[in-house]
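Notes to accompany the following structure.
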Ligand code: PXP
């Protein structure tokens, strides 16, 4: 069975908020993704509202025909918004106001009671409860103890290992293999516990193949690389290409790689 693909469209809102303007429309982007074969839309409502706004969640809830997954911090403010808007799923994520993007998974064991209580409220409202965690046994066990139905395994370390040409060297390959091994073990353990397994963070056309080959993975949440590709290829084509890469379980070697701006960042 091909895993589901949710497109994270936060960056569409990032462009809009750069001008506090009304375009580009997050709803139009979501519908374009759905038409191109996405199984759902993911957005992150951050405490600082730097991209997605509360109104976006309401509009998406009214217009989407597939699946709405809202990432949010495990706070009372956020869980109340979820209860008011009733997305299909909520993914609890850690949030640090100074971060550029989510940095690693939620430390569930360190805040077990708070997370358990929020998961309980979400489930009572029939919202599917997922928790974004690092691929570690202790976090999977803690997530299970909260009553969550899914874990989203953080692929940031794997993605980081695949960056650049280093993976052609033996040490780079070893690091990639070690991260893949961690993800595989975590996926197996989570599935044994009856948890559904999602993955996300830093996945690209160039590294998604090996993750798509992990049998237990049922859902992908991918944003940055697809929106970046969409600037050149259009959203429809960008989503279609990622859908294909996941279905085939293959990396797309050339997508973006010759156009990216890594030299300017180093
Ligand atoms: N999953 C989670 C929990 C995230 O926080 C993010 C980033 O917002 C993603 C997936 C998507 O990551 P990326 O934009 O790197 O594809």
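Residues checked against (1) at pLDDT 95 or above; (2) in a loop (DSSP other than H, G, I, E, B); (3) on the phi > 0 side of the Ramachandran plot:
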position: 28; (1), (2), (3): yes, no, no
position: 33; (1), (2), (3): yes, no, no
position: 49; (1), (2), (3): yes, yes, yes
position: 52; (1), (2), (3): yes, yes, no
position: 57; (1), (2), (3): yes, no, no
position: 71; (1), (2), (3): yes, no, no
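If I ask for residues that are surrounded by fewer than 23 Cβ atoms within 10 Å (Cβ to Cβ) and either within 10 Å of the ligand (Cβ to nearest atom) or without any contact (Cβ under 8 Å) to a residue 12 or more places away in the chain (or both), which ones from the stretch 195-214 would you list?
Result: 202, single match.
Only one of these conditions is not met by residue 160: (1) more than 15 Å from the ligand (Cβ to nearest atom); (2) surrounded by fewer than 18 Cβ atoms within 10 Å (Cβ to Cβ). Which number is it?
Going through (1) more than 15 Å from the ligand (Cβ to nearest atom); (2) surrounded by fewer than 18 Cβ atoms within 10 Å (Cβ to Cβ) one by one, residue 160 breaks only (1).
Counting only residues that are within 20 Å of residue 235 (Cβ to Cβ) and assigned to a loop (DSSP other than H, G, I, E, B), how many does the stretch 37-47 have?
Total satisfying the criteria: 3.
For the stretch 90-104, what are the residues that are at pLDDT 95 or above and either in a loop (DSSP other than H, G, I, E, B) or surrounded by fewer than 14 Cβ atoms within 10 Å (Cβ to Cβ) (or both)?
If the condition is that a residue be at pLDDT 95 or above and either in a loop (DSSP other than H, G, I, E, B) or surrounded by fewer than 14 Cβ atoms within 10 Å (Cβ to Cβ) (or both), then 93, 94 are the ones that fit.
Each row is one residue, and each column tells you yes or no for (1) assigned to a helix (DSSP H, G or I); (2) more than 11 Å from the ligand (Cβ to nearest atom).
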{"residue": "79", "(1), (2)": "yes, yes"}
{"residue": "83", "(1), (2)": "yes, yes"}
{"residue": "106", "(1), (2)": "no, no"}
{"residue": "113", "(1), (2)": "yes, yes"}
{"residue": "116", "(1), (2)": "yes, yes"}
{"residue": "119", "(1), (2)": "yes, yes"}
{"residue": "122", "(1), (2)": "yes, yes"}
{"residue": "129", "(1), (2)": "no, yes"}
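Within the stretch 146-157, does at least one residue satisfy the condition of being touching a residue at least 12 places away in the same chain (Cβ under 8 Å), within 11 Å of the ligand (Cβ to nearest atom) and out of contact with any strand residue (DSSP E or B) (no Cβ under 7 Å at 6 or more places or on another chain)?
Among the residues of the stretch 146-157, at least one is touching a residue at least 12 places away in the same chain (Cβ under 8 Å), within 11 Å of the ligand (Cβ to nearest atom) and out of contact with any strand residue (DSSP E or B) (no Cβ under 7 Å at 6 or more places or on another chain), which makes the answer yes.
Which condition number in (1) free of Cβ contacts under 8 Å to residues at least 40 places away in the same chain; (2) closer than 21 Å to residue 154 by Cβ; (3) in contact with a strand residue (DSSP E or B) (Cβ under 6 Å, 6 or more places away or on another chain); (4) away from the ligand (no atom under 13 Å from the Cβ) is the one that residue 87 fails?
Every condition holds for residue 87 apart from (1).
Conditions (1) crowded, with 20+ Cβ neighbours inside 10 Å; (2) modelled with pLDDT under 95; (3) within 16 Å of the ligand (Cβ to nearest atom); (4) within 16 Å of residue 106 (Cα to Cα), marked per residue:
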site: 135; (1), (2), (3), (4): yes, no, yes, yes
site: 141; (1), (2), (3), (4): no, no, no, yes
site: 164; (1), (2), (3), (4): no, yes, no, no
site: 182; (1), (2), (3), (4): no, no, no, no
site: 188; (1), (2), (3), (4): no, no, no, no
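Check the stretch 236-251 and report whether any residue there is modelled with pLDDT of 95 or more, touching a strand residue (DSSP E or B) at 6+ places or on another chain (Cβ under 8 Å) and farther than 30 Å from residue 31 by Cβ.
No, because not a single residue in the stretch 236-251 is modelled with pLDDT of 95 or more, touching a strand residue (DSSP E or B) at 6+ places or on another chain (Cβ under 8 Å) and farther than 30 Å from residue 31 by Cβ.
Of the conditions (1) at pLDDT 95 or above; (2) out of contact with any helix residue (DSSP H, G or I) (no Cβ under 8 Å at 6 or more places or on another chain); (3) assigned to a loop (DSSP other than H, G, I, E, B), residue 87 satisfies every one except a single condition; which number is it?
The number of the failed condition is (2).
Yes/no per residue for (1) surrounded by 18 or more Cβ atoms within 10 Å (Cβ to Cβ); (2) more than 16 Å from the chain's Cα centre (by Cα); (3) closer than 22 Å to residue 155 by Cβ; (4) free of Cβ contacts under 8 Å to residues at least 12 places away in the same chain:
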{"site": "20", "(1), (2), (3), (4)": "no, yes, no, yes"}
{"site": "27", "(1), (2), (3), (4)": "no, yes, no, no"}
{"site": "62", "(1), (2), (3), (4)": "no, yes, no, yes"}
{"site": "70", "(1), (2), (3), (4)": "yes, no, yes, no"}
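Find all pairs meeting these conditions: Cβ atoms under 6 angstrom apart; at least six residues apart or on different chains; first residue within the stretch 100-120 and at positive phi; second residue within 16 Å of the ligand (Cβ to nearest atom).
104/134; 104/154
Kindly establish whether residue 151 is surrounded by 24 or more Cβ atoms within 10 Å (Cβ to Cβ), modelled with pLDDT of 95 or more and within 13 Å of the chain's Cα centre (by Cα).
Yes; evaluated as a whole, the condition is true for this residue.
The values are calculated or read from the model by the stated rules, or taken from the named source; none is laboratory data. Just so we're clear, the structure is a prediction, and the values are computed from it rather than from any experiment. Cβ atoms come from the backbone with ideal geometry, glycine included; neighbour counts cover every protein chain shown.
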